[in-house]
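A short write-up of the structure that comes next.
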Amino acid sequence: MSFSRRKFLRASGLMTTAALLSVEQLMAAIEKNHTAIKSWDSGSAKESIINDLRSKGYSLIPAPQQLKLTGKDIVVDKSWSVSLTPAGKGTKALNSLNEGSASLHSLSFAKTGGNRIVLEVKAGTIKEKLEPNLLKQAYHLQISPREIRISADDETGLFYGVQSLLQLLRPEGNGSFKLPEGSITDWPALDLRFIHWDTKHHQDRVETLKRYMDWAAIFKVNMIAFEIEDKYEYPRHPIIGAPGAFTKKEMHELTAYAHARYIQLVPNVQAPAHMAFVLKHKEFAHLKADGSNYQACMCDEEAINLILDMYQDMIDATPGVNYFLVSTDEVYYAGICAKCQKEYNEENRSQTLIDYMNRMHKWLAERGRRMICWVEYPLLPKHIPQLAPGIIDGCMTSTRPKEWVEKQNKAGVKQLAYTSMQGAEFLFPGYFGTGERAGRLEGASKDVAGSKAIGAELIGTFAAAWDDSGLHNEAFWLGWAAVTQYAWTTTKPSIEQTVADFMDIYYGHNSPDMVEAYRLLEKGGRFYTRMWDQPVSKERGPGYGNSYGKGIGTKRTDEMLDMPPIPSGVDLKFEPAFAKKYEQKIAEAKSLAEDMDKLAAILQQNISKVRRNKYNLEVFLSIAYLERYSVKIMPRLARVEAMLESAVRAKDKPANAVNQLIGAHKAVGALAAELESFWPEFTAIWEKGRFKKGRSVNGKHFVHVLDDVKDHFADRRVGLEYMTAPFERMEMKKWREELWKTIAAYAKANNVPIAEAEEARLED
């Protein structure tokens, strides 16, 4: 389905002729307005905002370790040919060069003759003293007028050299491209560069995942933590798989596609906590920890065997992968069951978790997989020495106590520097933050640098992108690219340059003002997140418990707004409340209206101009609409309340009063209809890359059961309408029905005809 952008802009009132700023101006604006965004600081002097490549108009993520430029440019076009030396070595790199140049640049190279690009696997290419895993990924790129030579000790490095070349090609028109003359010698500082694909609340299409892998490879990502949950048809327990879940054949296809790009598709099966996707089935209900559907009993062999069955199924689904992420995330209720035959306390919880992790490590090692897990709560520091050497802690942060890190190092536990690209944000990540709060990009840079500073023996980074709040995966690419940069380059450029480089690479050099678009998307998303009241939930009970203890009810809340009060009786009794209660939010919404117009204009312009990733912008434009709707709803409801006040003041002129009441009735109807009219198109855009939520396939129906501990925004509805649920809770239709009763009663008492209004109501 083609996104009707003009129709969208007309319907949403977002057409604008506002002048657009240049990227340079926007970068300056970010520096001025977001002072929390600072250059990465490793303890040495801060890097300049602009490195030599950027100053010449070229972008490369990750930034290279060593760079020597002559200051000149060379020209590349279709007359150049490509050769591979020795033959058969570096086929993946060759394929990537041909496919990438065609898809990213519409450039095809000649078969023979002319100037040439040489791909060369040659031992001794890299002279730096590097660990073997890092040497394999190193490359040398020499750019000269008649020859471009990419050399590496290993085919992996050759592949990464190709990715750098693809990023650096700068279109000049007429099918020609410029490159900076000079050389790059490059290698990663850390071996593993994870990004996290969470399918907890949605299921991507196979082709979507392949596109993600293409871009992950471009940014030199080599690990994907694939949180699969019920989106796989577990052969040993097919009941677990959601309708239409990935098949074993599809997982093999995805795994092979990843391997062709030097990426490992690492399974992540949430267990023993976060297991509502399993424990909701009656077949497994008896395995719950103390009756909670959040966690399986860790002392029940049947539960353990069930988890091992899922692990084995995912091992079988991902041949050739060397790692497995067992998660152990938020295992609040370790050792809680009577089956554990021990008191539920801090000591026993920690020991139960240790026993589980060591058991899983041994089991996975026997199957050739290295175990990654969350070495965290409820683990006690004194139990860390019991951990099996070789376990990888996937959640090391700069806030870990020194004692914790020292004990991990002594125990032989390796670490991934963990950072999350989102938290409670509902529509868009908080990349840049505000003057009072640091953004996700700054936080990520501090997590990597800070983890090193406290002595963690890092082997990589982990860029989490949780699906809990329902953010679209298209929103995470800036964060994934930035964290990969922090893992690769020891002399990191500033966050500002990273952001600008990303825009050039991901959208192409003809993508004006995308930095500003991201800033405005974040701004609108922050407003949407905090605009709601949080009343006690009518949809969920208190729940089983939380991290503070078993059976302690968690207060559940729903997002909604109060509607303006309705005048009552034939005397129109009325006490206005909406404008006073939401005065601050209404003022903020009014101030954001122009920004949301600008956002839509930037996205509209770029959808028609960018060379690549137009779907990403379509998703962003749909989000922009929802943000704009959120911004406009509060001032419009304030105006509705003002109309009701006018009606009350006009009681001595009943016909005028009725007209004002009818006007308020129509205004709320129009507000409700606006969202309703756009929503089908919104869902169509999102479902281009993912399947419909909660679908039924071949007679198998999705079973939706909320877990009794966590309260995720994206889990409040079966379908995508969780995003509009707060508006639904406002009950605009019911409000209009109640207002109509007042209109009818007042009009009848004052002998005012309302035929016109009745007709309008029927049309609604």
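For first residues located in the stretch 638-661 and in contact (Cβ under 8 Å) with a residue 60 or more places away in the chain, partners that are among the polar types (S, T, N, Q) and surrounded by 17 or more Cβ atoms within 10 Å (Cβ to Cβ) and lie 6+ apart or on another chain with Cβ distances below 9 Å form the pairs Leu644/Gln660; Glu645/Gln660; Ala647/Asn659; Ala647/Gln660; Val648/Gln660; Leu661/Thr742. Beta carbons closer than 9 Å, at least 6 apart along the sequence or on distinct chains, pair a first residue in the stretch 179-207 that is on the phi > 0 side of the Ramachandran plot with a second that is part of a helix (DSSP H, G or I) and surrounded by fewer than 21 Cβ atoms within 10 Å (Cβ to Cβ) for Gly182/Asp52. When Ser646, Ser677, Ser630 are checked against the criterion of being over 24 Å from Pro429 (Cβ atoms), out of contact with any Pro (no Cβ under 7 Å at 6 or more places or on another chain) and at pLDDT 95 or above, Ser646 stands alone in meeting it.
If the condition is being touching an Asp or Glu at 6+ places or on another chain (Cβ under 9 Å) and over 21 Å from Met223 (Cβ atoms), then the stretch 401-419 contributes Val405, Asn409.
Residue count for the stretch 561-577 under the criterion of being under 26 Å from Ile623 (Cα atoms) and surrounded by 15 or more Cβ atoms within 10 Å (Cβ to Cβ): the result is 2.
I'd like to know if the stretch 391-403 contains one or more residues that are out of contact with any strand residue (DSSP E or B) (no Cβ under 8 Å at 6 or more places or on another chain), in a helix (DSSP H, G or I) and not hydroxyl-bearing (Ser, Thr, Tyr). For the stretch 391-403, residues out of contact with any strand residue (DSSP E or B) (no Cβ under 8 Å at 6 or more places or on another chain), in a helix (DSSP H, G or I) and not hydroxyl-bearing (Ser, Thr, Tyr): present. In this structure, does Lys410 turn out to be closer than 25 Å to Ala487 by Cβ and basic (Lys, Arg)? When the stated conditions are applied, Lys410 passes them. Scanning the stretch 521-560 for residues that are among the charged types (D, E, K, R) and surrounded by fewer than 19 Cβ atoms within 10 Å (Cβ to Cβ) turns up Arg530, Asp533, Lys538, Glu539, Arg540, Lys550, Lys555, Arg556, Asp558. Cβ-Cβ contacts under 7 Å between residues 6 or more apart (or on different chains), taken from a first residue in the stretch 672-692 that is assigned by TED's automatic domain parsing to the domain that holds Tyr722 and among the aliphatic types (A, V, I, L, M) to a second residue that is surrounded by 15 or more Cβ atoms within 10 Å (Cβ to Cβ) and outside any helix (DSSP H, G or I), are listed as Leu675/Thr724; Ile685/Phe3. When residues in the stretch 179-196 are screened for being surrounded by fewer than 22 Cβ atoms within 10 Å (Cβ to Cβ) and touching a helix residue (DSSP H, G or I) at 6+ places or on another chain (Cβ under 9 Å), 5 of them pass. Of everything listed in (1) more than 30 Å from Ala260 (Cβ to Cβ); (2) in contact (Cβ under 8 Å) with a residue 24 or more places away in the chain; (3) surrounded by fewer than 22 Cβ atoms within 10 Å (Cβ to Cβ); (4) among the basic types (Lys, Arg), the single unmet condition for Lys282 is (2).
The values are calculated or read from the model by the stated rules, or taken from the named source; none is laboratory data. Only a predicted model underlies this, so the values are computations on that prediction, with no experimental measurement involved. For neighbour counting, all protein chains shown are included, and Cβ atoms are generated from backbone atoms with ideal geometry for every residue, glycine included.
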